[in-house]
Amino acid sequence: MATKQHCAYCFSVLLAKLQGTSLPEPQFDTQTEYPLFVTWSKLDSYGEKHLRGCIGNFSPMDLQSGLQEYALVSALRDTRFSPIRLSEVSKLVCSVSLLTDFEDGRDYLDWDVGTHGVWIEFRLPGGRKQTSTFLPEIAEEQGWTKVETIDHLLRKGGYGAAITEEFRRSIKLTRYQSKKEHLSYEEFVAMK
């Protein structure tokens, strides 16, 4: 599943982009396909991680092109954050999540905190379909219940009206699992 070599490749891709150098060859099987997410966090002076970017895709992609694309998209184009600068790289931690075991939920509560990621689909008042997701670790890290997680997903997805039980029941939920690995910049340098 996800390996430290996947994370190291993401660091190499980001550094190549920021330094204007060529990409190294990946040190893993590049033909395997997974839906995936790449997450960048920055360590503060107390060793606490702060999110700097997290973007992925639910369509299976070969690992080389998927990690290459999302290492950069999550580092440089996550609109919640300013692009990562070269001066920040030494404080970064990269996480790679390979998504597996997708299942339709019976309802919005048919998932387990800490085990499943959730991907919801819902309609805005004008009828437009929206989607939103949290990876499996998010609800547990935040200390949220299932209902609180769904409500945060609705807000993240752009739903601004009052959230009622009836509206929650209208959600289409897909649950999934993730095989995740992470690597700090220090560990990346030690691997070279």
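List of remarks:
- Considering LEU99, LEU86, LEU36, the condition of being more than 17 Å from LYS4 (Cα to Cα) and among the hydrophobic types (A, V, I, L, M, F, W, C) is satisfied by LEU86 alone.
- Pairs with Cβ under 8 Å, 6+ apart, first in segment 1-25 and outside any helix (DSSP H, G or I), second open to solvent by 80 Å² or more (accessible area, probe 1.4 Å): ALA2/LYS180
- Qualifying residues in segment 58-89 (those that are closer than 16 Å to LYS17 by Cβ and of a type in the set (Ser, Thr, Tyr)) - the one surrounded by the most Cβ atoms within 10 Å (Cβ to Cβ): SER74
- Condition met for PHE81 (touching a Leu at 6+ places or on another chain (Cβ under 9 Å), part of a strand (DSSP E or B) and more than 30 Å from THR32 (Cα to Cα)): no
- Residues within segment 177-192 that are buried (at least 18 other Cβ atoms within 10 Å of the Cβ) and basic (Lys, Arg), tallied: 1
- Scanning segment 26-43 for residues that are open to solvent by 50 Å² or more (accessible area, probe 1.4 Å), in contact (Cβ under 8 Å) with a residue 24 or more places away in the chain and over 20 Å from the mean Cα position of the chain (by Cα) yields ASP29, GLN31.
The values are calculated or read from the model by the stated rules, or taken from the named source; none is laboratory data. Because the structure is predicted, anything quoted here is derived from the model rather than measured. Because the Cβ atoms are built from the backbone with ideal geometry, glycine has one as well, and the counts that use them run over all protein chains shown. With ligands, DNA and RNA removed, areas are computed over all heavy atoms of the protein, side chains included. Shrake-Rupley method; radii C 1.70, N 1.55, O 1.52, S 1.80 Å.
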